[in-house]
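Please read the structure below before turning to the comments.
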Amino acid sequence: MPQLDSSKNLLHSSQPLVVGAVSSAATLEALASDPSLAEGCDLLELRLDSIDLAPDESRPLAQKLTLPLLITARHPEEGGLYNLDATERATLLDTHLDLATLMDVELRSALELEKVIAKAKARNVGVIGSFHDFNATPGDEVLRGAGDFALQFKLEAVKVATTLQSPNDLARLIQLVAAEKRLPVAAMGMGNLGRASRLVLAKCGSLLNYGYVGESNAPGQWAASELKKLLNAL
Ligand SMILES: O=C1C[C@@](O)(C(=O)O)C[C@@H](O)[C@@H]1O
């Protein structure tokens with residue numbers, strides 16, 4: 001069920017949204033036959049790199065999903081599986097674009113993926129520029145620079161996922177979401193403070209807040225259904 005909601009509606013939601021990350025073929029198959037597994041999710045992220053199905057296998061499953069879809073084919077240096085090069089990632093994105101409401105590309109790939117980004121924009125698929133650091137949280141100039149890059153490439157939102165090594169790192173992510181007024185921002189921590197960070201950041205202005213459906217694919221995630229319950233309770 002393609003493009004269930006417009007990207008503008010999602011990206012300008014006044015409420016924090018819960019994104020359910022789908023990272024295996026088994027979970028995609030399970031969701032296609034039982035939509036209730038997506039309980040608590042406002043949208044689903046298809047991690048096309050790690051789902052590891054050919055487009056003619058993944059598309060019919062994705063077509064059965066009943067929530068707006070965010071498509072991602074992650075760069076290997078930012079957590080992507082199977083060492084996919086830019087051409088392979090662009091093909092995965094391109095072959096699922098008609099089913100997507102949002103698309104995630106790493107800021108570092110904005111140039112090499114410019115054709116699929118242009119195609120997404122022409123279809124009103126909102127493009128999120130992302131940055132991931134599985135070791136640390138970089139300095140404030142780098143964190144703020146992510147937004148500058150996203151604006152430079154005319155992307156619709158920016159997302160930052162970093163590993164928190166201290167409460168001060170979390171404070172800096174909170175400052176980032178609170179201060180970024182130019183475009184929608186999503187921020188989340190990984191590591192020991194990851195779970196706490198995802199609650200606080202969602203309440204402080206992070207638009208897209210990732211949990212998992214099926215199996216976790218990042219350190220510090222909540223199950224998406226639990227994340228939604230906790231955010232509602234806070
Ligand atoms: O970039 C992100 C965020 C994430 O890594 C997380 O930390 O929850 C999960 C990924 O699937 C997604 O693409």
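Placing +1 at every Lys and Arg Cβ and -1 at every Asp and Glu Cβ, with all other atoms neutral, what dipole size does segment 7-227 have around its Cα centre, in debye to the nearest 20? The partial results should precede the final answer.
Working: 20 positive and 28 negative charges, 162 e Å.
My answer is approximately 780 debye.
Sort the following peptides by mean Cβ neighbour count (other Cβ atoms within 10 Å, averaged over residues), highest first: 35-42, 54-61. Could you put the intermediate results ahead of the total?
On the way: 35-42: 17.1, 54-61: 13.9.
With the highest mean Cβ count within 10 Å placed first, the list reads 35-42, 54-61.
Mind sorting Ile71, Ile117 by how few other Cβ atoms lie within 10 Å of their own Cβ, fewest first?
On the way: Ile71 26, Ile117 23.
Starting with the residue having the fewest Cβ neighbours, the order is Ile117, Ile71.
Relative contact order, percent, of the chain when contacts are C-alpha pairs under 8 Å separated by at least 6 residues? Show your work: numbers first, answer last.
Values: 493 pairs, mean separation 50.7, N = 234.
Reported as a whole number, the value is 22 percent.
Which cross-chain or sequence-distant (5 or more) residues have an amide H under 5 Å from the amide H of Ala223, H modelled 1.01 Å from N in plane?
So Ala223 has HN proximity to Tyr212.
Along the charge dipole of the chain, pointing to its positive end and built from +1/-1 on Cβ of Lys, Arg, Asp and Glu, which listed residue (Pro35, Ala224, Ser7) has its Cα farthest out?
Positive-most Cα among the choices belongs to Ser7.
Please sort 20-30, 174-184 by packing, taking for each peptide the average over its residues of neighbouring beta carbons within 10 angstrom, highest first. Mind showing how you got there, number by number?
Details: 20-30: 21.2, 174-184: 16.7.
Order by mean packing, descending: 20-30, 174-184.
In whole Hz, what ³J(HN,Hα) sequence does segment 181-193 give by Karplus (6.51, -1.76, 1.60; θ = phi - 60°), x for Gly and Pro?
For segment 181-193, the Karplus-derived couplings read 10, 7, 7, x, 10, 10, 9, 8, x, 10, x, 4, 8 Hz, x marking Gly and Pro.
Return the long-range amide H neighbours of Glu106 (sequence gap of 5 or more, or a different chain), with a cut-off of under 5 Å between placed amide H atoms.
Placed amide hydrogens put His75, Ser130 under 5 Å from Glu106.
Quick one: Karplus J couplings for segment 220-232, per residue in order, coefficients 6.51, -1.76, 1.60, θ = phi - 60°, nearest Hz, x for Gly and Pro?
So the J values, rounded to whole Hz, are x, 8, 9, 4, 4, 5, 6, 4, 4, 4, 5, 5, 5.
Restricting things to alpha carbons, find the Rg to Rh ratio for the chain using the Kirkwood radius for Rh. Don't skip to the answer; put the middle values down first.
On the way: Rg = 16.1 Å, Rh = 17.3 Å.
Ratio of gyration radius to Kirkwood radius: 0.93.
Output ³J(HN,Hα) for segment 100-111: one whole-Hz value per residue in order, computed from phi by the Karplus curve 6.51 cos²θ - 1.76 cosθ + 1.60 with θ = phi - 60°, and x for Gly and Pro.
9, 9, 10, 9, 10, 10, 5, 4, 5, 9, 4, 6
Cα centroid distance between segment 177-204 and segment 54-89, in Å?
24
Going through segment 91-132, which trypsin sites (Lys or Arg not before Pro) have at most 16 other Cβ atoms within 10 Å and a DSSP loop state? Numbers along the way, then the final one.
On the way: sites: Arg108, Lys115, Lys119, Lys121, Arg123; in loops: Arg123.
Sites meeting the loop and neighbour criteria: Arg123.
Could you tell me the number of lysine pairs in segment 7-227 with C-alpha atoms less than 23 Å from each other, where the two lysines are 8 or more residues apart or belong to different chains?
Lysine pairs satisfying the spacing and distance rule in segment 7-227 number 19.
Quick note: the coordinates plus some simple rules give every number you see, no bench work behind them. Model, not experiment: these values are computed from the prediction. Every residue, glycine as well, gets a Cβ built from its backbone with ideal geometry; the counts of neighbours run over all protein chains shown.
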